1. Quick one: compute the contact order of region 129-218, relative version, from alpha carbon pairs under 8 angstrom and 6+ residues apart, as a percent.
2. Summarise the accessible area of region 116-155 (1.4 Å probe, protein heavy atoms) by the percent that is carbon and sulfur.
3. Per residue of region 101-106, what does 6.51 cos²θ - 1.76 cosθ + 1.60 with θ = phi - 60° give for ³J(HN,Hα)? Whole Hz please, x for Gly and Pro, Karplus curve as stated.
4. With all protein chains present and a 1.4 Å probe, how do Asp5, Asp153 order by accessible area, largest first?
5. Could you tally up the Lys pairs in region 122-218 with alpha carbons closer than 20 Å? Skip any pair fewer than 8 positions apart unless they're on separate chains.
6. Which of the chymotrypsin sites (Phe, Trp or Tyr not before Pro) across region 1-96 are loop residues per DSSP, with 12 or fewer other Cβ within 10 Å?
7. How much accessible area per residue does region 101-168 have, counting only protein heavy atoms and a probe of 1.4 Å, in square angstrom?
8. Once the whole set of protein chains is in place, how much accessible area is left on Lys103, using a 1.4 Å probe, in Å² to the nearest 10?
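The values are calculated or read from the model by the stated rules, or taken from the named source; none is laboratory data. Since the structure is predicted, the reported quantities are computational estimates derived from the model, not experimental observations. Positions of Cβ are backbone-derived with ideal geometry, glycine not excepted, and every protein chain shown enters the neighbour counts. Just the protein is used for accessible areas: all its heavy atoms, side chains included, with ligands, DNA and RNA removed. Shrake-Rupley method; radii C 1.70, N 1.55, O 1.52, S 1.80 Å.
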Amino acid sequence: MIKKDHITLLLILIFFSGIFLRLYNINFDNLWYDEIISFWVSSPEHSFAESFKIHQEIEIAPYTFNLFLKIYFHLVGYDVDNGRYITALFSILTIFTTLFISKKLIENNFYLLPIFLVAFNIFLISYSQELRVYSILIFFGSLSLLFFIKLLDTKTKNFDASCFFISLLIFSLLHLFSLFLISSFILYLLLIYIKKKKSYYLLNLTLSIISLISIFYY
């Protein structure tokens, strides 16, 4: 049996390693083509209407990420070096959401494994150093999953329901791939209802609203 102090130390080591790997040499490479598009579209020199028009002409993904990036550059300054720090931050936050999800789903000390896999995943590390939507998308996907799991508990709270709605709404507006997770939530609730005749009012209501917004948006 691993001692509690050793588990805490190992967890801290995993977290700091994941943070280090995401920040180390973050601006070593120049922006590549897709990053340049995001950087250009989100320029504070463009009006919101101009940014949206440019986005529509050269991007396939929704405007949400570039809008978020535009606001970010307004706050911290329009500089290439500032850009990748926001995606790295959300990638780091994903390690924390993975911790809470793992502790909800996995017993004993095995919850350390998914945290380790996320912290050291080469693809997540690579995307954390790109000025693109994926790191933010993964964070809001994991955050919505966390609150979905919490709302499956019979002791639901309005705070959890509100956080689930907000995180899932942002997630759904960031990328079309979000519809796969939303569909998985709906399918899971449907299976629970078929097998146990149990329904979740808040979850069903939230997913219905988000689905309608997504259909209209896309």
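1. Relative CO of region 129-218 lands at 29 percent.
2. 70
3. Each residue of region 101-106 in turn: 5, 5, 5, 6, 9, 10 Hz.
4. Asp5, Asp153
5. Lysine pair count for region 122-218: 7.
6. Listed in order of number, the matching sites are Tyr24, Phe28, Trp32.
7. Value for region 101-168: 53 Å² per residue.
8. Lys103 exposes around 120 Å² with every protein chain in place.
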